[in-house]
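As structure tokens, the structure follows; a few thoughts come after it.
The values are calculated or read from the model by the stated rules, or taken from the named source; none is laboratory data. Quantities reported herein were computed from a predicted structural model and do not represent experimental measurements. Virtual Cβ from ideal backbone geometry, glycine too; neighbours counted across all protein chains shown.
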Amino acid sequence: MAKRKISEVAAASIRGSETKPTKKTKPAIPPKSQTHPKKAIADEEFFLQIVTGSYDRVLHGLIATVKPQGQASFVDTFLFTAHPSAIRCVALSAPSAPIPGQEQKVLLASGSTDPKINIYNISAHPPKRRDGDEMASAALRPILENSKNRELGAYNPHDSTVTKLVFPTRSKLISASEDSTIAVAKTRNWEPMSIIKAPIPKAQGRPSGDTAPLGGTPAGVNDFAVHPSMKLLISVSKGERCMRLWNLLTGKKAAVLNFSRDLLQDVGEGRHSSGEGRKVVWGAAVGGQDCEEFAVGFDRNIAVFGMDSLPRCRVMPDSRVKIHNFEYVAMSDESESSLIAVATEDGRIVICSTKEADLTQPERTADAQVKELPTAKLVAQIGGKDAGVTGRVKDFNIIKREETQGTVFYLVCGSSDGNIRLWKVSEKELKASETADKTVQLGSLVGSYDTNNRITCTAAFAMIPRPDDVVDSDEELMQELEKEDAAESDEEEA
């Protein structure tokens with residue numbers, strides 16, 4: 001990373017063409033838990049591990065069992081009082097490599113308003129049901145604990161609130177904080193490999209009666225996104241009307257792209273708005289071509305940029321509804337669709353198409369100097385008032401799965417009212433909605449669960465079926481031995 005010395009810079013700027021690296025590198029492989037073979041598999045019961053963070057300082061883990069009939073049941077697996085204040089972000093790594101006789105594990109990281117990052121080990125397999133679980137299932141809130149879910153320790157690379165956590169690979173954790181630093185660490189020994197220091201913006205436009213203390217003006221990294229090649233990183237910060245590109249091979253700044261006044265006006269950032277980017281996401285290639293894009297989210301709209309750093313379109317048709325999160329939908333390789341899912345304040349997941357052919361061009365005005373951005377096509381929505389959902393969707397995750405009917409997407413949505421809703425949408429429905437004349441209401445509600453906590457963030461992955469040769473834990477072995485001893489004593493008494 002930053003400590004390595006290299007002769008050539010792999011990527012110098014978004015505006016310029018990417019230089020070819022001297023060594024061939026493979027693109028980052030997505031977590032195995034969210035990728036499945038293209039071949040259709042028989043519909044069978046499968047499990048989703050869901051983790052939620054909340055204002056109530058609680059990390060809540062639950063397993064959703066999705067049955068072939070299309071209904072889901074939920075059980076609690078762990079409940080950690082992780083931090084002394086509200087949890088801001090959580091992240092899950094890819095499962096560990098399979099080893100005969102051992103369980104695969106997933107790393108869970110959580111960040112809060114304190115600088116500490118907690119690290120946990122989560123089992124990648126659904127827990128084994130035992131005889132004593134019948135009583136737990138009969139409770140008001142079913143419980144199915146796993147002894148492999150435990151805390152590993154804490155990691156302290158920052159001096160302020162942790163704002164973003166990402167596992168780009170199993171071996172690395174990247175974190176951002178309000179102290180304007182981005183830290184990269186090895187998960188093997190949790191030693192920092194590199195610390196990127198973003199500049200602290202100067203206080204501009206502060207009111208004359210501002211009572212903020214020295215150094216108390218808005219600062220810090222809001223969000224970042226790692227390019228699939230693992231060489232580039234884009235960050236957006238507080239108090240800055242720009243985004244920054246970082247070279248992960250050197251840990252140095254590669255470029256700065258300022259947001260123009262026209263762009264900010266198109267996305268609903270007025271004169272008295274901060275104009276800062278809230279979130280940034282890299283898009284995938286469209287139709288197998290080398291056509292990539294990335295999206296920068298603001299308070300009430302999203303701007304999509306091409307690899308030439310020029311804005312291509314805005315996602316939302318208007319800026320009346322606040323945006324909380326957005327992600328690109330990973331369609332099949334043969335598909336030419338470019339869809340982005342947006343979580344809104346009014347309880348909807350809006351699906352928009354950013355494909356060039358689906359963009360709506362703005363009407364011409366008398367002032368030729370005013371150039372408005374095209375608008376993405378609103379193709380479908382999930383939830384909302386039509387589905388009986390009115391509370392804001394604070395965060396959501398998309399799980400892709402191959403079934404007999406084709407590719408299916410499961411959306412895990414966490415609302416501020418504490419409800420987890422699991423929606424199911426097929427890829428065929430998404431493709432059909434692209435050609436429809438009006439916005440289509442999609443998605444079937446598979447199940448919902450009330451966590452009784454005000455959710456701030458979520459993470460989820462599809463659990464791996466438990467291998468038959470996995471050795472049980474010491475506690476399970478002791479319980480089996482006790483049962484055998486009790487059975488032998490009963491036989492002797494008889």
Working only within the range 316-357, note down all residues that are surrounded by fewer than 17 Cβ atoms within 10 Å (Cβ to Cβ) and outside any loop (DSSP other than H, G, I, E, B).
-> GLU356, ALA357
Looking at the range 411-422, is at least one residue within 27 Å of ILE464 (Cα to Cα), within 22 Å of the chain's Cα centre (by Cα), of a type in the set (A, V, I, L, M, F, W, C) and surrounded by fewer than 21 Cβ atoms within 10 Å (Cβ to Cβ)?
-> no
Restricted to the range 263-306 and to residues being assigned to a loop (DSSP other than H, G, I, E, B) and within 20 Å of ASN397 (Cβ to Cβ), the residue modelled with the highest pLDDT is ARG278
What is the number of the single condition among (1) under 17 Å from VAL412 (Cα atoms); (2) in contact with an Asp or Glu (Cβ under 7 Å, 6 or more places away or on another chain); (3) surrounded by fewer than 14 Cβ atoms within 10 Å (Cβ to Cβ); (4) of a type outside the set (S, T, N, Q) that LYS67 does not meet?
-> (3)
Is it the case that some residue within the range 371-385 is assigned to a loop (DSSP other than H, G, I, E, B), touching a Ser or Thr at 6+ places or on another chain (Cβ under 7 Å), among the hydrophobic types (A, V, I, L, M, F, W, C) and at pLDDT 90 or above?
-> yes
Do the conditions hold for VAL408, that is, is it of a type in the set (A, V, I, L, M), modelled with pLDDT of 95 or more and assigned to a strand (DSSP E or B)?
-> no
Working only within the range 434-448, note down all residues that are under 20 Å from ILE399 (Cα atoms) and either in contact with a helix residue (DSSP H, G or I) (Cβ under 9 Å, 6 or more places away or on another chain) or buried (at least 22 other Cβ atoms within 10 Å of the Cβ) (or both).
-> GLN441, LEU442, GLY443, LEU445
When you look at ALA330, is it out of contact with any helix residue (DSSP H, G or I) (no Cβ under 8 Å at 6 or more places or on another chain) and at pLDDT below 90, yes or no?
-> yes
Residue check, LEU445 against (1) closer than 25 Å to GLU345 by Cα; (2) assigned to a helix (DSSP H, G or I), all met but one. Which one?
-> (2)
From ALA376, ALA432, ALA380, ALA343, grab the single residue that is over 19 Å from ILE323 (Cα atoms) and either among the aliphatic types (A, V, I, L, M) or within 21 Å of the chain's Cα centre (by Cα) (or both).
-> ALA432
One residue from ASN258, ASN222, ASN247 being surrounded by fewer than 19 Cβ atoms within 10 Å (Cβ to Cβ) and in contact with a strand residue (DSSP E or B) (Cβ under 6 Å, 6 or more places away or on another chain) = ASN258
Given (1) assigned to a loop (DSSP other than H, G, I, E, B); (2) surrounded by fewer than 21 Cβ atoms within 10 Å (Cβ to Cβ); (3) within 21 Å of the chain's Cα centre (by Cα), index of the condition ASN121 fails = (1)
Per the filter on the range 437-452, residues more than 18 Å from LYS424 (Cα to Cα) and either under 24 Å from the mean Cα position of the chain (by Cα) or at pLDDT 95 or above (or both) are ASP450, THR451, ASN452
